[in-house]
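The values are calculated or read from the model by the stated rules, or taken from the named source; none is laboratory data. Because the structure is a prediction, the values reported are computed rather than measured. Neighbour counts run over all protein chains shown; Cβ positions are idealised from the backbone, glycine included. For the accessible areas, the whole protein counts, side chains as well, though only heavy atoms, and no ligand, DNA or RNA atoms are used. Shrake-Rupley method; radii C 1.70, N 1.55, O 1.52, S 1.80 Å.
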Amino acid sequence: QRHAPLLAVRDLGVVFGGIVALNGVSFDMYPGQILGLIGPNGAGKTTLFNCLSRLYQPSRGDILLEGVSILTRPPHRIAEIGISRTFQNVALFPNLSVIDNVRVGTHSRTSSNIVSDSLKLGWVRRGEAALNHKVDEILGYLDLRDVAHTVVAGLPFVTQKRVELARALAAEPKILLLDEPAGGLNHEDVHGLGDLIRRIRDERDMTVLLVEHHMGLVMSIADHVVALNFGRKLAEGTPSQVQSDPGVIEAYLGRK
Ligand code: ATP
């Protein structure tokens, strides 16, 4: 790779009580990459994901975003430095409309920037207009304009997942963390989701980390795959390298 890594995970370790959930995991993520994180149940994927989104504090190691440790950042300010996530079971405000949920996403980062810029210009309204424009653009991009004023709880699950993506994109992240996005979706929806993730990467200059059990999705859209087992990195490489890795095959067959 010619670029410097966007994100560097270095010797990461997490211990819960006596359980070693992550044990010295290191890997790099490069700009524009879609990185798939795989592994059997209990391998440590969720734990790693939660370290990246600052829900868990690792017991050792470091996570560097553009060379700067993210571990001193308070969890609620992680979006400001460019990391946004979605949740396995969709974590939207169910009683708010789609547009309001997406607006919440903008508050993580952009609104404060835009508002402070506009204050310097002495013109707050301009900040508001820019925000509304951004939200509208994202709704259009994810084909959500028709349901913009619908309450989220009334929407099909697959649409709620798109709203979650919209909210994450509204923070204009450098890195998008997707927690099992294919969970609960049917075959056709998974296919559509794969196309969408790739389009977001290509058209919006995004770098994506995907934790996913759906091997078909990972192998079809990831550029690079990291496989975990028992809290350690078992293998990494292209999808086909990882798929044919004897250790990875054994880990999956041995556990099923
Ligand atoms: P799955 O695919 O089933 O979601 P995973 O790869 O995401 O699994 P983790 O959930 O990260 O794996 O779990 C790694 C290990 O850490 C497991 O042994 C799990 O039981 C343990 N663990 C995870 N979270 C906690 C916690 N909050 N407290 C105690 N142990 C935990």
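Of all residues in segment 135-152, those satisfying the criterion of being under 17 Å from ILE200 (Cα atoms) and either under 21 Å from the mean Cα position of the chain (by Cα) or open to solvent by less than 20 Å² (accessible area, probe 1.4 Å) (or both) are VAL135, GLU137, ILE138, LEU139, GLY140, TYR141, LEU142, ASP143, LEU144.
I'd like the residue in segment 7-36 that is without any contact (Cβ under 8 Å) to a residue 40 or more places away in the chain and of a type in the set (A, V, I, L, M, F, W, C) and, out of all such residues, is nearest to ASN229 (Cα to Cα). Walk me through it before giving the result.
Taking segment 7-36 as the starting set, the residues that turn out to be without any contact (Cβ under 8 Å) to a residue 40 or more places away in the chain are 16-19, 28.
Now narrow it down to the ones that are of a type in the set (A, V, I, L, M, F, W, C): 16, 19.
Working: PHE16: 17, ILE19: 14 Å.
Selected residue: ILE19.
Where strands (runs of 3 or more DSSP E) fall wholly inside segment 199-254, the ranges with 3 or more residues that are of a type in the set (A, V, I, L, M, F, W, C) and touching a helix residue (DSSP H, G or I) at 6+ places or on another chain (Cβ under 7 Å) are 207-211, 224-229. Please go through segment 9-36 and give me each residue that is within 12 Å of the ligand (Cβ to nearest atom), on the phi < 0 side of the Ramachandran plot and open to solvent by 70 Å² or more (accessible area, probe 1.4 Å), ordered by number. Those that are within 12 Å of the ligand (Cβ to nearest atom), on the phi < 0 side of the Ramachandran plot and open to solvent by 70 Å² or more (accessible area, probe 1.4 Å): VAL15, PHE16, GLY18, ILE19, VAL20. In segment 85-95, the count of residues that are open to solvent by less than 60 Å² (accessible area, probe 1.4 Å), within 30 Å of THR159 (Cβ to Cβ), in contact with a Pro (Cβ under 9 Å, 6 or more places away or on another chain) and assigned to a loop (DSSP other than H, G, I, E, B) is one or more.
Whether any residue in segment 28-47 is within 28 Å of ALA153 (Cα to Cα), modelled with pLDDT under 90 and either within 19 Å of the chain's Cα centre (by Cα) or charged (D, E, K, R) (or both) is what I want to check. Within segment 28-47 (the criterion being within 28 Å of ALA153 (Cα to Cα), modelled with pLDDT under 90 and either within 19 Å of the chain's Cα centre (by Cα) or charged (D, E, K, R) (or both)), the answer is no, since none of the residues qualifies.
Can you confirm whether segment 153-168 contains a residue that is under 28 Å from SER244 (Cβ atoms), in contact (Cβ under 8 Å) with a residue 12 or more places away in the chain, surrounded by fewer than 18 Cβ atoms within 10 Å (Cβ to Cβ) and not charged (D, E, K, R)? Scanning segment 153-168, I find no residue that is under 28 Å from SER244 (Cβ atoms), in contact (Cβ under 8 Å) with a residue 12 or more places away in the chain, surrounded by fewer than 18 Cβ atoms within 10 Å (Cβ to Cβ) and not charged (D, E, K, R), so the answer is no. Here are the criteria: (1) over 28 Å from ARG199 (Cα atoms); (2) crowded, with 16+ Cβ neighbours inside 10 Å; (3) out of contact with any Ser or Thr (no Cβ under 9 Å at 6 or more places or on another chain); (4) hydrophobic (A, V, I, L, M, F, W, C). Tell me which single one LEU71 does not satisfy. Going through (1) over 28 Å from ARG199 (Cα atoms); (2) crowded, with 16+ Cβ neighbours inside 10 Å; (3) out of contact with any Ser or Thr (no Cβ under 9 Å at 6 or more places or on another chain); (4) hydrophobic (A, V, I, L, M, F, W, C) one by one, LEU71 breaks only (2).
Please go through segment 68-77 and pick out each residue that is part of a loop (DSSP other than H, G, I, E, B) and of a type in the set (A, V, I, L, M).
First, pick out the residues of segment 68-77 that are part of a loop (DSSP other than H, G, I, E, B): 70-74.
ILE70, LEU71, listed by residue number.
None of ILE200, ILE249 is without any contact (Cβ under 8 Å) to a residue 40 or more places away in the chain, surrounded by 15 or more Cβ atoms within 10 Å (Cβ to Cβ) and farther than 23 Å from ARG10 by Cα except ILE200.
Within segment 179-198, which residues are of a type outside the set (A, V, I, L, M, F, W, C) and not in a loop (DSSP other than H, G, I, E, B)? Outline the logic, then answer.
Step one: of segment 179-198, the residues of a type outside the set (A, V, I, L, M, F, W, C) are 179-181, 183-184, 186-189, 191-192, 194-195, 198.
ASP179, HIS187, GLU188, ASP189, HIS191, GLY192, GLY194, ASP195, ARG198, listed by residue number.
Considering only residues that are in contact with a strand residue (DSSP E or B) (Cβ under 9 Å, 6 or more places away or on another chain), more than 16 Å from PHE27 (Cβ to Cβ) and surrounded by fewer than 17 Cβ atoms within 10 Å (Cβ to Cβ), which ones fall in segment 217-239? Residue satisfying the conditions is PHE230 alone. Test LEU6 against the stated conditions and say whether it is open to solvent by 10 Å² or more (accessible area, probe 1.4 Å), away from the ligand (no atom under 16 Å from the Cβ), at pLDDT 95 or above and of a type outside the set (D, E, K, R). So LEU6 fits the description; yes.
A search for C-beta distances below 8 Å between a residue of segment 37-63 that is of a type in the set (Ser, Thr, Tyr) and open to solvent by 20 Å² or more (accessible area, probe 1.4 Å) and any residue that is part of a strand (DSSP E or B) and near the ligand (Cβ under 8 Å from one of its atoms), counting only pairs 6+ apart in sequence or on different chains, returns THR46/VAL211; TYR56/VAL14; SER59/VAL14.
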